Amino acid sequence: MRSVSWNYLGYFVECGAGLLLTAYVVRRIPVHDFGIYLLAQAIAAFLYLLEFGMGSMLVSLYVSTFARKGIAETGRLTSTVFMALLASGSVGALVLSLAAMCMPELLRLPPEDAALAGRVLILMSMAVALALPQTALELLCQAFHRFDRINQVQIVVVMLRVGLSVAVLMAGKGIVAFATVQVAVWAVRLVGLWIAASASISGLSLRLQFDRGLLLEALHMSKWAFGDDISHRIALNTEPVVLAAFASFEQVALFGVGSRLPAHLYHSAARGLSVLIPTLSQHHAEGDKARLRVTFSSAYRICMTGLAPTAIFGAICAPALVRVWAGPAYANAAPVLAYLLMSALSMVMMLPSDMVLYSHAHIKQAAGFSVLQTFGKVAVASALAGKFGAVGVAAGVTLWHWCVSLFFYFPAACRIAETGPIELWRAALSENRTANVIQGAVFLFFVVALAVGMRVLGSTQMFVVFALISLLYAAIWFYYTALPMWRRSRNESPAAS
């Protein structure tokens, strides 16, 4: 419970500070320049591919290495991965910085934007190069259940990022100075994680050393995860690049603002549901299909009764949310926000299926679905960006995500659990029917209230109503769904609690 508490504290501090900082930044930076910054950020993020999928496998590798060979060998493995990622990130940043000179021709940038975009891209590449080796340190802390240290460092870094960003923007600086802040903050986080890992893990000694054999072992474990990671990284950063190539920087900015809240919804769900991965892996090890189905349906119940209503509330109130949060300059981002909240919901509904595939060693199949989703997303975005802009891309991507989630991930996970999709949905909704009826009635009442409010209330009033309704529904959901599930898990596994 301590780890979970620190995990959520760190996330909510980061989420809240990020949303507030974005609201400040979009009021200080012109829409056009903010689009350039988001484009450079998206292109630089492709350097995360140089992690080679190790982020998905390092925790289990650290745990097994510690169990077999002790803390000294674990320290050598950590140092090896750290050095490898630092080197690959540095080389990648150098190559991308040189490639920045070709960016105007590739994306058909106007000459007046080329120099600015190139400078920001170089800085964002440096930031990613500093972020890559942190994977080795952060996952080491996770392997030893030191989530408290990770999140303590993260909270300090978030506060530093907000303070420095506000300072440079208040001084009248532009996106180059804003990007420089990101480089400085990632450097501080790198040092902080190194110190935190060394101080908090008993017997650990971190030194700058490299062992080729240990690196090859880590790369061998991550080969299929790397394929999944490639498609995942491409999918995450497709839309800004496509919109910059076929539309305008203003459309990039609209999509960027509209995607912020959906991204936080998805990441909060992923952080919460990730605690089920060890349980699903245990069911696989024991060959217990009955308990697998129970855990699988419980995960879907969380998604359907807790996260789906939040996404729907946000989609209804999208115009008011955008006006209050980002200002009237981004009013056209409202339909983007509404569509992307539904897209985030499809990704959330896909999470339990994806976790079942991974926990039961169907990594190749999950990677195949991920590749399919990515290529379809790129094709849809490219087809719609020129004519329909950010709104068309958001709508098309949302539809494609739902198709992949419902017709590929979900049936595959049901086959592993030896059940049918309809049976699983029925099991998820039949548990505690009284609670489901109450929550359903409350949800429908809130939907009607929000729809009526959007017609008669102003944006600020609607923003307050949305916040109150979301908090009230969250409290009802916690009482009727989350709390009983937590109590049941404690009764079934008292030692784990």
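All of the numbers you see were taken from the coordinates with simple rules; none came from a lab. Since the structure is predicted, the reported quantities are computational estimates derived from the model, not experimental observations. In this analysis, Cβ positions are derived from the backbone assuming ideal geometry, glycine residues included, and neighbour counts consider all displayed protein chains.
The figures follow:
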{"quantity": "Chain lengthening between Glu418 and Cys403 when straightened (0.36 nm per residue, less Cα-Cα)", "calculated": "3.2 nm"}
{"quantity": "Euclidean distance between Cα centres, region 271-314 to region 389-434, Å", "calculated": "13 Å"}
{"quantity": "Distance between modelled label sites at Lys364 and Arg487, nm, 7 Å Cα→Cβ extension", "calculated": "4.6 nm"}
{"quantity": "Residue-span extension gain [His32 to Ala379] - 0.36 nm each, minus C-alpha spacing", "calculated": "122.4 nm"}
{"quantity": "Gyration tensor (alpha-carbon) shape descriptor, region 322-370, a/c threshold 1.5", "calculated": "prolate"}
{"quantity": "Glu418, Glu138, Glu217 arranged by Cβ crowding within 10 Å, fewest neighbours leading", "calculated": "Glu418, Glu217, Glu138"}
{"quantity": "Compactness of region 340-469 - radius of gyration and Dmax, Cα, Å", "calculated": "18.7, 53"}
{"quantity": "Square roots of five times the Cα gyration tensor eigenvalues for region 237-492, Å", "calculated": "32, 25, 13"}
{"quantity": "Protection proxy ranking, peptides 169-177, 323-331, average beta carbon neighbours within 10 Å, highest first", "calculated": "323-331, 169-177"}
{"quantity": "Paired Rg and Dmax values of the chain, which use every Cα atom, in angstrom", "calculated": "22.8, 67"}
{"quantity": "Contact order relative to length of the chain, as percent, for alpha carbon pairs under 8 angstrom and 6 or more apart", "calculated": "19 percent"}
{"quantity": "Rel. contact order, % - alpha carbon contacts under 8 angstrom, at least six apart, region 237-492", "calculated": "27 percent"}
{"quantity": "Rel. contact order, % - alpha carbon contacts under 8 angstrom, at least six apart, region 88-190", "calculated": "34 percent"}
{"quantity": "Tensor-based shape of region 9-109 (alpha-carbon gyration tensor, a/c under 1.5 rounded, otherwise prolate or oblate)", "calculated": "oblate"}
{"quantity": "Histogram of C-alpha separations across region 132-183, 5 Å bin width, %", "calculated": "4, 18, 20, 17, 13, 12, 9, 5, 1"}
{"quantity": "MRE, 222 nm, helices only [DSSP H, n ≥ 4, -39500 (n - 2.57), over the chain, to nearest 500]", "calculated": "-27500 deg cm²/dmol"}
{"quantity": "Ranked by how many other beta carbons lie within 10 Å on average, peptides 242-248, 95-101 from highest", "calculated": "242-248, 95-101"}
{"quantity": "Hits among lysines - C-alpha to C-alpha of Lys377 under 30 Å, sequence gap 8 or more where chains match", "calculated": "Lys223, Lys364, Lys387"}
{"quantity": "Rounded, prolate or oblate (a/c below 1.5 giving rounded, otherwise prolate when a/b exceeds b/c) for region 1-221 by Cα gyration tensor", "calculated": "oblate"}
